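Written below as structure tokens is the structure these notes are about.
Every number here is computed from the coordinates shown, using simple stated rules; none is lab data. Just so we're clear, the structure is a prediction, and the values are computed from it rather than from any experiment. Cβ placement follows ideal geometry from the backbone for every residue including glycine, while neighbour counts extend to all protein chains displayed.
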Amino acid sequence: MHRSATLAVIALALTLTACGSKVEDPVEQIVVRPPGVAAVPAAPAAWDLVAAGKAAFAVCTACHSAEPGGASGIGPNLHGVVGRGAGSVAGFSYSEAMAKSGLTWTESELDAFIANPSGKVPGTEMVAGQVADAQRRAAIIAYLASLKN
Amino acid sequence: MNDMPQQPQRSRAAKWTRRGFIGAGVLAGGALVIGVGVRTGNPVGRLGPLVAGGEGEQLINSWLKIGADNIVTAIVPHCEMGQGVHSVLAQMLADELDADWSLVRVMQAPADGSYVVTDTIRTFVAPGTLDAPDWLEPTWNGLFTKIAQLADGLITGGSSSIRTTGQRTMRIAGAAARQMLIGAAAREWDVAAAEITTANSMLSHKPSGRSAPYSQFAAAAAEQDMPQTPQMKAPENYRLMGKDVPRIDIPDKVNGAASFGIDAVVPGQTLTYAAVRRVPVPGTRVAKMDAAQAKTMPGVLQILNMGDFLAVVADSYWQAQQALNAVTAEYTAPESTIRSSDDQFARFAAALDAAGDKGGEEVIGRGDVPTAMQAAAKTVSADYQVPYLAHAPLEPMNATVWARDGRCEIWTSTQVPLMARSAAAKALGLSKDDVTMHHPMLGGGFGRRLETDYVVMAARIGQATGYPVKMIWSREEDTQKGLFRCADMSRFTGGLDAQGRLTAYNNVFTQRNDPADACDCAFYDIPNKSIRVAEAELHLPFAAFRSVDHSQQAFFIESFIDEAAQAAGRDPLEFRLAMLGQSPRHKAVLEKAAAMAGWNAKPAAGHGRGIALTESFGTIVAEVVEVDMSSGKPRLTNVWCAADPGFAMNPDGFRNQMEGGIVFGLTAALYGEISLKDGAVEQSNFHDYKLMRMDECPAIAVEIINGDHVRLGGAGEPGLPPAAPALANAIFAATGKRIRALPLAKHFA
Amino acid sequence: MVKFTINGKAASVEADPAMPILWVVREKLGLTGTKFGCGVAQCGACTVHLDGQPVRSCSTPIAEAEGKAITTIEGVAGPDGELSKVQQAWVSEQVPQCGYCQSGQIMAATALLRDNPQPSDADIDTAMAGNICRCGTYVRIRAAIKVAAGLEPAKGAELRS
């Protein structure tokens, strides 16, 4: 008899029906709080630009790591980005446009790029992550600038 | 094209019709139904409240109800995952019922044992019984209904819905209900039933000039005895079947109203959200979890180490994912020594080497291969391989669970709602009656949602929290930690006689799942054949992938046939046609695709055309792919597809499935690769697990041949298998480069 | 507190300013037509309009919407539910299969046709390349955009009701 996925599925179902149950409980369960109780807002103090920037950077972490030595993901690692040349993270596959841009990521260049990525570097593969708000850009750049070895 | 068969096979149709009717009858528990909700003790009595709770609604039989407003609702057991099954099964029922299509609605049948798909299970498990003598039919039907119920046989897959449930359940339910309505009207009007006609959901008696909407007799019809042989339509009388009826689900899919599993709400409750991270290597466990930072993060409610996965529950999914990113863990060492893709393919090669010319388990043995091979004027040999693939439905795996007080309610996208219910019940130590399933539309299934792993994970999280929680996998989890189309390797030797005919065929491969005959191109007339499987260990867990074994076997077989044609010095089309003397339908399909493509006209400079022919899930498909290699990389310009599904119930829907299957198959052929590093999957999201996009999609033309209106084939999967070999053969035609390992794009990086 | 309009109505939500628009729209506003597909702006299922511009809502923080207008798939039809030209073309060409990506496809196509009412095939390919359809309905999306633009007649299935 050959292995039939369908038969296997049916056999499995029969087994599930027939067998006794063995419940696997959590190995470890950390209860922070019950639902419905509002968390204390953890908003950073307004004057702490770096902390505000770190919070604002959260959405960027979907594509970018800012950890020292962190692996590049969909976007390159941004640890130490302020001051370095565009397209310079080893092993990351940049768009041709970025690789040939000749930019150096000064704070003002970063600001212009994040404000409008494809306007600053037409052909960039950074299709999301535009930050229109100047204050938020300043905070994110302050956070990135604070990440030095 | 939408050709009606020239000569309908009446006697065969009538025989099949009777069987189908009895099937529907037994399915409802011994008597197809009647008066639901009014007779205690009748097994269908409980269906009324379940499916016909609306005011003025009357269930006529298990599969349809009629409202006071004359709305007919088809109760469809199969899941809607894009294949259009809700519409086409309603279309089949409505045609036999003579219903006004504008007054037809569809309802998803509940996850209840009464709605198991007996004929689907039977077709998979014991297709031979479909040809049993009539007198055995009630026995077989009763047996398979019981089996289906025991096996939680409410399943959508195998490109089976139209040809099993549609043909043998929905049409019969519609035809039976129509006769019951006529019977009720004849009694009330005191006229002969034969004088009553039906059309557009109306009953008419011409001699007396009386007419009434179906709704007027719905309650009385439900009291009628079931007709033993409801009259089914012959193809020339089809009014909706075979027509491009617009899909019922589409309007809600253009305005955001369609509800998928991921959109579930728990009435009256505030949802919480779980993000999860499974162990990176199959079979390992979490050795140590550090959640010190995560538990201080905003919105976090609970952090769970479930042994085989980690979960963070939070007020918002985004917060849960952010906190999960901050959880670190160590894992136990894996047992498997397969660490890389090279390791995996080395296992396959070793199994093939060990099998040699004769070893392995025989699947097909015909004639005398060694003698024919020895007598061959020329031999040709080749090895082919394919990588693992992720299904990557765009809706990530997810399930919403509310477990409390010894009960559990689950909302999820699934192809197997009853199996998911049982799996969750088992995981929670509940009886399956204590688990209620809600299964809305699927944002893609492709076989991945035949598995219940994600439902069980959500149930375990829900049990731990005790409050409603929606678990959603990230795309990274979906790409790396799920179940996969197997990798495989296949080895061929062919012998050609002095006339260039393929007289000996020796093939061995390592993975065999479903369908059983996917490895055999039985339609080609090859006198001596030995096809064997030499099993080899797989590192990643398996789940059926759209077209299952055909997804790799078609690439192996139709690439090899092309190589044999080349060795014989023959045109690939001519070589194939010469082997189709016993298979006129296959020949017609292949000739049609070639004609559509203008096969005999030379393609433009730098372009090449490749052809492939397959039969899968009862449907014969030939595809010609044209590729432009002038830039050095493959750019697909055109696909021409001819298909014979027996009879296309909804030609436009069938074409849409072919187009989708072709894109799915070309995507896998060009880009699809899940590779291993340190025992874990390397790819993570759509930037490194590429799917075909609009700017890469060729023009696609599809034509249909209706070759057999009784034995129908499927639609969801058969478009896929020929795509990969046709493309590989086209690249060979353009470049002279024969690629034997997928994905293709990797060879032109 | 972030203030914006959603499909023409004023809204204000209490949310982490870094939370992506996608999750605010789905979880806090209950508008589930906008879909989660990849989380990293690769698939386009989450496409919404921000002041008329298509953005990937999975990767755009809600803070970016302050004072702006968000339009989701639920806001594309007219006030009486009358489908837009693009939506109508999606129906006439019978585009969707599973339908999960189609909200994003329609948002992308709507923005394309507003900026470029007579797009060429190449324009369509470029504008739509960011939106993945796993069911493979690209041929029909291309046709529907042309129908919506008036470049081709609607196919019109046989039976309309």
Any idea how far apart B:ASP497 and C:GLU14 come out in nm if each label point goes 7 Å out from Cα toward Cβ? 8.5
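Would you be so kind as to identify all helices of chain B, as entire DSSP H runs, whose Cα atoms reach 15 Å or more along the helix's own axis and whose mean Kyte-Doolittle hydropathy is at least -1.0? Each step should come with its number before you reach the end.
Values: long enough: B:10-27 (26 Å, -0.27); B:85-97 (18 Å, 0.83); B:137-150 (19 Å, -0.14); B:171-189 (27 Å, 0.27); B:341-355 (21 Å, 0.06); B:417-428 (16 Å, 0.64); B:453-465 (19 Å, 0.48); B:550-567 (25 Å, -0.07); B:584-597 (20 Å, -0.12); B:651-670 (28 Å, 0.25); B:723-735 (18 Å, 1.38).
Helices meeting the span and hydropathy rule in chain B are B:10-27, B:85-97, B:137-150, B:171-189, B:341-355, B:417-428, B:453-465, B:550-567, B:584-597, B:651-670, B:723-735.
Based on the mean of other beta carbon atoms within 10 Å per residue, what is the order of C:142-152, B:410-420, most packed first?
Details: C:142-152: 21.0, B:410-420: 27.7.
Result, highest mean first: B:410-420, C:142-152.
Computed from the mean reciprocal separation of all distinct C-alpha pairs, what Kirkwood hydrodynamic radius does the range C:7-129 have, in Å?
Values: mean 1/r = 0.0672 Å⁻¹.
Kirkwood radius, the range C:7-129: 14.9 Å.
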Which of the GluC sites (Glu not before Pro) found in the range B:49-118 are in a DSSP loop and have at most 15 neighbouring Cβ atoms, other than their own, within 10 Å? B:GLU55
Average beta carbon contacts from partner chains per residue of C:54-65, 10 Å cutoff: 5
Alpha-carbon gyration tensor eigenvalues x 5, square-rooted, for the range B:300-456, Å: 46, 22, 16
Binned at 20 Å starting from 0, the alpha-carbon pair-distance distribution of the protein assembly as shown in whole percents comes out as 12, 42, 36, 9, 0
Packing-wise, with mean Cβ within 10 Å as the measure, how do C:9-20, C:24-35 rank, highest first? C:24-35, C:9-20
Quick one: Debye curve from the alpha-carbon atoms of the range B:512-635 only, equal weights, vacuum; give me log10 I(q)/I(0) at q = 0.12, 0.19 Å⁻¹ to two decimals. -0.54, -1.16
Kindly provide the helix-only [θ] at 222 nm of the protein assembly as shown, computed as the sum of -39,500 (n - 2.57) over DSSP H runs of four or more divided by all residues, to the nearest 500 deg cm²/dmol? -9000 deg cm²/dmol
Can you return the lysines within cross-link range of C:LYS68? Criterion is Cα-Cα under 18 Å, with same-chain partners fewer than 8 residues away left out. C:LYS3, C:LYS9, C:LYS28
Could I have the simple spin-label model distance between A:PHE92 and B:ALA350, label points 7 Å from Cα toward Cβ, reported in nm to one decimal? 4.0
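Restricting the count to DSSP beta bridges whose residues both fall in chain B, what percent are antiparallel, rounded to a multiple of 5? Can you show the working numbers first?
Working: 83 of 111 bridges.
If I count the DSSP bridges inside chain B, around 75 percent turn out antiparallel.
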With Cα atoms, 0 to 90° folded angle of helix C:138-148 axis to chain C main axis: 90
Any idea how far the Cα center of the range B:100-160 sits from the one of the range B:355-414, in Å? 25
C-alpha center-to-center spacing [the range B:57-78, the range B:304-321] in angstrom: 42
Return the long-range amide H neighbours of B:TYR388 (sequence gap of 5 or more, or a different chain), with a cut-off of under 5 Å between placed amide H atoms. B:ALA487, B:ILE674
Within 10 Å of the Cβ of an average residue in B:300-308, the count of other chain Cβ atoms is 6
Could the peptides A:111-123, A:58-70 be put in order, highest first, of the mean number of other beta-carbon atoms found within 10 Å of their residues? A:58-70, A:111-123
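Please report the antiparallel percentage of DSSP beta bridges with both residues in the protein assembly as shown, rounded to the nearest 5.
Numbers: 100 of 130 bridges.
If we restrict to bridges inside the protein assembly as shown, about 75 percent are antiparallel.
Out of every Cα pair in the range C:85-148, what percent are spaced more than 19 Å from each other? Intermediate values should be presented prior to the final figure.
On the way: 334 of 2016 pairs.
When all Cα pairs of the range C:85-148 are counted, 17 percent exceed 19 Å.
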Would you calculate the convex hull of the Cα atoms in the range A:53-93 and tell me its volume per residue in Å³? 71
Subtracting the Cα-Cα distance from 0.36 nm times the residue separation, let me have the gained length for A:THR106 to A:VAL31 in nm, one decimal. 22.6 nm
D for the range B:612-749, whole µm²/s, Stokes-Einstein with Kirkwood Rh over alpha-carbon pairs at 4 °C and 1.567 mPa s: what number? 82
How big is the range B:149-199 along each principal axis, measuring the range of its Cα positions in Å and listing the largest first? 46, 23, 12
What do you get for trypsin sites (Lys or Arg not before Pro) in the range B:326-370 restricted to DSSP loop and a cutoff of at most 15 other Cβ within 10 Å of the site's Cβ? B:LYS358
Over chain B, how many percent of alpha carbon pairs lie in each 20 Å bin up to the one with the longest distance? 16, 46, 32, 6, 0
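Over all directions, how big on average is the projection of the convex hull of the alpha-carbon atoms in the range B:420-518, in square nanometres?
Working: hull surface 41.5 nm².
Mean orientational projected area (the range B:420-518, Cα hull): 10.4 nm².
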So if I average 1/r over every pair of distinct C-alpha atoms in the range C:2-75 and take the inverse, what Kirkwood radius in Å does that give? 11.7
Rg (one decimal) and Dmax (whole number) from the Cα set of the range A:49-146, in Å, equal 12.2, 34
Looking at B:PHE647, B:ALA424, B:SER559, which one has the Cα that reaches farthest to the positive end of the dipole of the protein assembly as shown (charges on Cβ: Lys, Arg +1; Asp, Glu -1)? B:PHE647
Partners for B:LYS481 among lysines (Cα-Cα distance below 29 Å; same-chain residues under 8 apart left out): A:LYS22, B:LYS288, B:LYS295, B:LYS426, B:LYS432, B:LYS470, B:LYS677, B:LYS690, B:LYS746, C:LYS35
Partner chain coverage, peptide B:315-328 - average Cβ within 10 angstrom: 5
One-quarter of the Cα convex hull surface for the range B:57-131, in nm²? 6.1
In whole angstrom, how far apart do the alpha carbon centroids of the range B:470-494 and the range C:1-80 sit? 32
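If the viscosity is 0.692 mPa s and the temperature 37 °C, what Stokes-Einstein diffusion coefficient in µm²/s follows for the range B:329-419 when Rh is the Kirkwood radius over Cα pairs?
On the way: Rh = 19.8 Å.
The calculation lands on 166 µm²/s.
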Using amide H atoms built in the peptide plane, which far-off residues or other-chain residues are under 5 Å from B:GLU535 H to H? B:GLU361
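Find the Rg to Rh ratio for the range B:598-678, where Rh is the Kirkwood radius over alpha-carbon pairs and Rg uses the same atoms.
On the way: Rg = 15.4 Å, Rh = 14.6 Å.
Using only Cα positions, Rg/Rh for the range B:598-678 is 1.05.
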Given C-alpha coordinates of the range B:470-561, what is the ratio Rg to Rh with the Kirkwood estimate of Rh? 1.12
